[in-house]
1. If I ask for residues that are within 16 Å of ligand 2 (Cβ to nearest atom) and open to solvent by 20 Å² or more (accessible area, probe 1.4 Å), which ones from region 208-230 would you list?
2. Check whether at least one residue in region 279-301 is in a loop (DSSP other than H, G, I, E, B), over 27 Å from residue 226 (Cα atoms) and not hydrophobic (A, V, I, L, M, F, W, C), and report yes or no.
3. Name every residue in region 161-191 that is among the aliphatic types (A, V, I, L, M), closer than 26 Å to residue 29 by Cα and open to solvent by less than 30 Å² (accessible area, probe 1.4 Å), in order of residue number.
4. Could you grab me the full set of residues in region 231-248 that are in a helix (DSSP H, G or I) and either within 12 Å of ligand 2 (Cβ to nearest atom) or at pLDDT below 95 (or both)?
5. Considering region 120-155 alone, what residues qualify as being in contact with a helix residue (DSSP H, G or I) (Cβ under 7 Å, 6 or more places away or on another chain), within 19 Å of residue 105 (Cα to Cα) and either within 14 Å of ligand 2 (Cβ to nearest atom) or open to solvent by 10 Å² or more (accessible area, probe 1.4 Å) (or both)?
6. Name every residue in region 73-95 that is open to solvent by less than 80 Å² (accessible area, probe 1.4 Å) and either of a type in the set (Val, Ile, Thr) or in a strand (DSSP E or B) (or both), in order of residue number.
7. Of the conditions (1) outside the structural domain of residue 349 (by TED's automatic domain parsing); (2) open to solvent by less than 40 Å² (accessible area, probe 1.4 Å), residue 109 satisfies every one except a single condition; which number is it?
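The values are calculated or read from the model by the stated rules, or taken from the named source; none is laboratory data. Nothing here was measured: the structure is a model prediction, and the numbers come from that model. Glycine also receives a Cβ, built like all others from the backbone with ideal geometry; neighbour counts cover every protein chain displayed. To get the accessible areas, we keep the full protein, side chains included, count just its heavy atoms, and leave off ligands, DNA and RNA. Shrake-Rupley method; radii C 1.70, N 1.55, O 1.52, S 1.80 Å.
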Amino acid sequence: MKVIPENMAGFTVPGENVRAIRRFLTARKRNLLDMSPEDIALFLEKMGLQPYRCGQILRWVYRRGVRDFEGMTDISRDLRKRLSLQLDISIPEIAAVDTSRDGTRKFLLQLVDGLQVESVLIPERNHITCCISTQVGCAQGCRFCLTGRRGLLRNLSSGEIVGQLLALKEACPAENITNVVLMGMGEPLANIHHTLRALEVLISPQALGISRKHVTVSTVGLIPGIRKLAAKPSASLAVSLNAATDEVRNRLMPVNRRYPLGELLAALRAYPLPPGRRITIEYVMIADVNDTPADARRLVSLLRGIRVKVNLIPLNEAPEIPFSRPDEYTVLNFQNELLERHITAIIRKSRGSDIRAACGQLQGGLGR
Ligand code: SAH
Ligand code: SF4
């Protein structure tokens with residue numbers, strides 16, 4: 001850990017640093033953002049408070065952007081004091097912002113222990129999408145992605161996941177963020193506990209109240225996590241398939257050895273979709289690896305019987321990545337093979353690649 005929280009400066013011996021950070025974290029008050037609306041209701045009940053207090057506090061925090069109990073003016077001074085003795089309301093701090101030529105903005109956010117993650121605001125034709133992270137780094141090691149090159153440093157708490165959106169809203173009060181995608185740094189379903197709680201806060205009408213249609217979780221294909229999400233659907237599902245054979249997928253994504261294509265597609269077939277909804281299949285297109293018409297046809301037969309739309313993502317190149325992006329003709333041809341076989345296929349425009357804010361380019365300050 002390179003950066004030490006301000007009030008811990010002075011600890012210089014490495015072992016001492018780790019112990020001090022642990023003490024610092026356990027001595028901290030509980031962050032209200034780490035609690036689901038249900039957790040908060042229970043907590044307040046234990047304090048002997050009326051149930052309506054929960055809605056009151058949630059409105060202040062999630063609708064009006066108040067960051068301390070002092071600002072909750074319809075709560076008595078005495079109660080504000082009692083609450084602030086037990087709870088914090090803390091969001092990540094913005095350490096840097098980069099703006100792309102295409103209007104995409106990348107935010108570097110500092111967490112309580114000094115680690116950093118990135119979140120991205122992507123203006124689209126008539127709405128704004130916020131892309132947030134679920135882990136610092138990633139353990140999945142996909143060969144074409146920069147995020148995991150230093151491995152996984154730690155999971156984010158649910159409050160840190162939701163806190164990214166709150167920090168961006170606070171920094172850009174004029175923007176109307178309508179869509180949230182858990183597609184930033186990390187693998188959301190490898191941090192399933194905190195991801196599920198964050199989803200609860202994002203969609204709960206008492207908290208952020210975003211429609212679940214407008215919240216998307218993107219996964220590398222961790223089957224146990226997909227089943228958990230299926231049991232309590234709280235978001236749209238996107239799966240990064242990226243290959244149409246086990247041989248190619250094994251080469252690109254180590255996870256395929258644990259959860260091979262056959263098992264993954266069976267889990268997707270069993271996934272309960274609300275009427276009119278589809279699973280998004282993400283397919284990063286890599287020159288001479290997975291981009292031939294034959295690959296497209298294999299993909300079509302894999303997806304038979306599953307309600308899907310395919311997002312084709314031409315590889316975002318980087319010197320550290322040993323692959324290249326196919327030419328435009330190859331991408332269009334691939335798309336056409338899918339369309340001709342009645343599979344909806346969209347080519348995802350690369351956004352923010354000049355500031356390393358595009359898919360697979362987030363490194364949370366580690367690559368600066
Ligand atoms: N871990 C999750 C979500 C974060 S990655 C997942 O893998 O789905 C978000 C998306 O970026 C994934 O679809 C991934 O396949 C894609 N991606 C990763 N590296 C990329 C690159 N270099 N170019 C284009 N897309 C990339
Ligand atoms: Fe992790 Fe997703 Fe990148 Fe794979 S593509 S290394 S799962 S962030």
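1. 216, 224
2. Within region 279-301, one or more residues are in a loop (DSSP other than H, G, I, E, B), over 27 Å from residue 226 (Cα atoms) and not hydrophobic (A, V, I, L, M, F, W, C).
3. 161, 162, 165, 166, 167, 168
4. 231
5. Within region 120-155, 132, 133, 134 meet the criteria.
6. 75, 87, 88, 89, 91, 94, 95
7. The failed condition is (1).
Quick grid of which residues meet (1) open to solvent by 60 Å² or more (accessible area, probe 1.4 Å); (2) of a type in the set (Lys, Arg); (3) within 12 Å of ligand 1 (Cβ to nearest atom):
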residue	(1), (2), (3)
275	yes, no, no
285	no, no, yes
291	no, no, no
311	no, no, yes
